[in-house]
Ligand code: B12
Ligand code: SF4
């Protein structure tokens, strides 16, 4: 069978992360004797439609998180026009369809999708391909039957052995265009950094998160050898300088970590590396291990500084644990990243003041503050529906933006104005620590130069900074400018 997989992304500074999901399932199908193409599309690009038409696939699958709903739907409708793809099956996979299969089938693209793949894609899509597109009896598939009734075949199997999957073939996309600053190690600008996932699943159950809906709460880990094979390939083929381990909790299993790091340092090139973690999965021994093997940055989802909110969102950490681990991580000489949210359910001004205090106290090297957003599939989403917290009662349009910085989706505790005020206040308070450091000086100077050569953009950035009262606008517009000036692929303006 021939299949094309497509991910549409808005032009944004977080475009440092290749579409690993569709790369993985595309490579998997290839290895099983099918033929696939993977299209990693920036909003505005259209050439890929012609490429897919020439390839003549039997099936086209879109990958979609909630913020990509509106833009993906736009392209889907465009492709459905005319007769070019009249005999092609269309499906959607990824977290949004997994969380809301019936809503997606009924509303996305005027109900013209053939089916939705819920959860991990590999087993499901291979079964469909092996059956030449017959999807109705396959686990993990949802569709509307002839009577317009919703049918869902629940998933029973996950990929038990992740090491049995082939290494994603990054040549299927323009991977070179991802090896650009700012890189995935946030706050530290690097040229050629890329993410790698060594596990799937997270045992915790935070109320704002929907990650476990995709990969379950049971953690499955790739073998050390399989991860090292991928890293060797990334060095040999792409000459990477660094790697960011994007697993939900990279530091969860100490014995695996020890074995992995012992092999990691024997790679043919010394790589800068960082990872994501939780404050309660690090202890002195693990920190010592990270230090010994030259970890440069650990990112923590802190979410709130208030013990009351941490409890309400089921984060299962406390303010004291946060203080202790940030202090210890800095003491051993590892940089920290911290992400917070403002606008949690039932959050009060006192709670958000605690968050402000904690941010100042822990002095993370990089801090990002989001509006708390009820993504479908999370407990927070259900609560928001139940309590009618949505600011506007409308569909998944482009207000669910990738940056969630311009528009809170719900009013769940703080008023909209309070949420905006505190989010900006906290984010602006860390601007200097986030960006002004020696490591980034050359990069900052280059952006400054590009601004001088493009004064219109500078005025645009200053205008946005004042309008949104966010200093980060200066950096984000600057980074986009940098990417436009240096990328082989020029993002198109929409
Ligand atoms: C890495 C990551 C990112 C990366 C890149 C994401 C990307 N474009 O691939 C970056 C840092 C850019 C990012 C940004 C954001 N992310 Co994010 N991210 C993740 C993370 C940690 C891992 C994703 C990943 O690569 N997984 C590995 C691959 C192999 O899995 P996968 O992509 O899910 O693909 C599998 C299946 O989904 C399925 N599949 C996927 N596509 C398709 C298509 C077809 C046709 C089929 C059949 C199957 C299929 O098969 C694949 C293989 O099994 C997840 C958490 C998680 N545990 O999944 C959150 C997660 C996906 N992110 C989330 C969020 C909220 C965001 C942001 C909004 C955060 C923000 N505030 O800016 C932005 C939005 C980005 C956007 N697309 O607009 C939420 C999604 C919520 C939602 N309903 O949309 C998640 C689930 C975390 C959470 N908190 O709940 N993210
Ligand atoms: S936020 Fe992090 S720790 Fe909490 S459930 Fe999601 S992945 Fe797990």
Starting with the fewest neighbours, write out 273, 431 ranked by other beta-carbon atoms found within 10 Å of each beta-carbon.
431, 273
Against the 2.2 N^0.38 Å rule of thumb, the C-alpha Rg of segment 71-154 sits at a ratio of 1.04
If you line up the long axis of helix 455-468 against the longest principal axis of the chain, both from Cα atoms, how many degrees apart are they, to the nearest 10?
80
Mind running the shape call on segment 205-261? Use the C-alpha gyration tensor, a ≥ b ≥ c as the square roots of the eigenvalues: rounded below 1.5 for a/c, prolate if a/b tops b/c, oblate otherwise.
prolate
So for R0 = 25 Å, FRET eff. of residue 217-residue 150 from the Cβ-Cβ r, to 0.05, ends up at 0.45
For segment 1-106: Kirkwood Rh in Å [reciprocal of mean 1/r, alpha carbons]:
14.2
Correct semi-axes for segment 187-289, from √(5λ) of the alpha-carbon gyration tensor and rounded to whole Å with the largest first, are 24, 16, 14
Over the alpha-carbon set of segment 233-350, work out the extent along each principal axis and list the three values in angstrom, largest first.
52, 29, 22
Using only Cα positions of segment 440-494, each an equal point scatterer, no hydration layer, compute I(q)/I(0) via Debye at q = 0.13, 0.16, 0.27, 0.30 Å⁻¹ and quote the log10 values to two decimals.
-0.31, -0.47, -1.13, -1.23
Between segment 102-149 and segment 285-301, what's the alpha-carbon centroid distance in Å?
42
Final fewest-first order of 344, 39, 226 on the 10 Å Cβ neighbour count is 226, 39, 344
Ordered by packing density, taken as the mean number of other Cβ atoms within 10 Å over each peptide's residues, highest first, how do 364-371, 345-352 rank?
364-371, 345-352
Round to the nearest 10 and give me the degree value, 0 to 90, for the angle of helix 224-238's Cα axis relative to the longest principal axis of the chain.
90
Percentage of interatomic Cα-Cα distances in segment 304-460 larger than 20 Å:
58
Out of all DSSP beta bridges in segment 179-435, what portion is antiparallel? Express it as a percent rounded to 5.
10
Considering only the chain, percent of DSSP beta bridges that pair antiparallel, nearest 5
15
Span from the segment 417-456 Cα centroid across to the segment 329-392 one, whole angstrom:
20
Nearest 10 degrees, 0 to 90: helix 20-31 Cα axis against the chain principal axis:
40
What is the Rg over Rh value, at two decimals, for the chain, using alpha-carbon atoms and the Kirkwood definition of Rh?
0.94
When 246, 452 are ordered from fewest to most other Cβ atoms inside 10 Å of their Cβ, what list results?
452, 246
The convex hull of the Cα atoms of segment 179-435, divided by residue count, gives a volume in Å³ per residue of 126
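Quick note: the coordinates plus some simple rules give every number you see, no bench work behind them. The structure displayed is predicted, hence computed values, not measured ones. With ideal geometry, Cβ positions are generated from the backbone for all residues, glycine too; neighbour counts draw on all protein chains shown.
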